[in-house]
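Working notes, beginning with the structure itself.
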Amino acid sequence: MMKGQIKATIIDLANKNTLMEKGGDRFHVLPGVSSPASDETLFGNVNWIKTNEKQVDIIVTEFLRFWTEMNADPSVVEKERVKRNLMADQPKEVLADITKFFKAATTAGIYAPGGGSVEVAKSDFEFYVEAGQMKGPAASLKVEDFWYLAPVEKARKAIGQ
C-alpha cells in the first residue's frame, strides 16, 4: 500500500497502526461489518481436547486469566515481557509500542475478557457469511457445529467469572 500497488486490503491491528503512522493522511480505515470476527482464538481438534482435558483446562484458564488482567491493565503485557526477558532480540521500536498496541487491542475488543461465547461465535458467523466464507443465513448456523465452548466455560468458573 505504501508503494501504491494495493488500493485496499484487510490487515491486522499491528499493521494498521504501522500503515497509519507511516502513511499519514494517505490512508483511512474503511467502515467494516457491525460485528467483527474474533481475532485471537485458540484452536484444537475436539478429540484431542477431550483426551487432554487437564492440559487444556490449564491452557484455557491461564489465557482467560491473562486476557482479563490485560483488559483491566494493558501494560501488564510489557511488565510480563520484561520480567521474563521475552522478545529481547527485537528492535527497540517494536518494544516501545507494546503497551500502546495492547491498549488499542483491548479497546477494540480483540481479547475478550470473558473468552469465547455463543455471542462471539454468532458474530463470527455474521462476519464470515458477509465475507462469503460461510453459507448463511448466519442465524441458521449452530454454534455447537463449529465451536466447543466447554473448556472456556469451565475456565470462567475456575476464575470466578
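Quick notes on this structure:
- Test for Leu64: is it loosely packed, with under 11 Cβ neighbours inside 10 Å, among the aliphatic types (A, V, I, L, M) and either touching a residue at least 40 places away in the same chain (Cβ under 8 Å) or under 30 Å from Ala139 (Cα atoms) (or both): no
- Failed item, numbered, when Ala155 is tested on (1) open to solvent by 50 Å² or more (accessible area, probe 1.4 Å); (2) in contact (Cβ under 8 Å) with a residue 12 or more places away in the chain; (3) in contact with an Asp or Glu (Cβ under 9 Å, 6 or more places away or on another chain): (1)
- Within the stretch 12-28, being part of a loop (DSSP other than H, G, I, E, B) and at pLDDT below 80 holds for one residue alone: Asp12.
- Which listed residue is more than 30 Å from Thr9 (Cβ to Cβ) and among the β-branched types (Val, Ile, Thr), from Thr106, Thr51, Thr41: Thr51
- Of all residues in the stretch 130-152, none that is without any contact (Cβ under 8 Å) to a residue 12 or more places away in the chain and among the polar types (S, T, N, Q) has its Cβ atom under 7 Å from the Cβ atom of a residue that is part of a helix (DSSP H, G or I) and open to solvent by 60 Å² or more (accessible area, probe 1.4 Å), 6 or more apart or on another chain.
- Given (1) touching a Phe, Trp or Tyr at 6+ places or on another chain (Cβ under 7 Å); (2) open to solvent by less than 40 Å² (accessible area, probe 1.4 Å); (3) closer than 23 Å to Val60 by Cβ, number of the condition Pro113 does not satisfy: (2)
- Restricting attention to the stretch 30-61, the residues that are aliphatic (A, V, I, L, M), assigned to a loop (DSSP other than H, G, I, E, B) and at pLDDT 80 or above add up to 1.
- Among residues that are under 15 Å from the mean Cα position of the chain (by Cα) and either in contact (Cβ under 8 Å) with a residue 24 or more places away in the chain or under 30 Å from Lys54 (Cβ atoms) (or both), Ile110 is included.
- For the residues Lys83, Lys122, Lys103, the requirement of being among the basic types (Lys, Arg) and exposed (fewer than 12 other Cβ atoms within 10 Å of the Cβ) singles out Lys83.
- Considering the stretch 62-161, the qualifying helices (runs of 4 or more DSSP H), each wholly inside and each with 3 or more residues that are at pLDDT below 90 and farther than 30 Å from Glu21 by Cα, run over 118-130.
The values are calculated or read from the model by the stated rules, or taken from the named source; none is laboratory data. Everything quoted here is computed from the prediction, not taken from an experiment. Virtual Cβ from ideal backbone geometry, glycine too; neighbours counted across all protein chains shown. Only protein heavy atoms, including side chains, enter the accessible area calculation; ligands, DNA and RNA are left aside. Shrake-Rupley method; radii C 1.70, N 1.55, O 1.52, S 1.80 Å.
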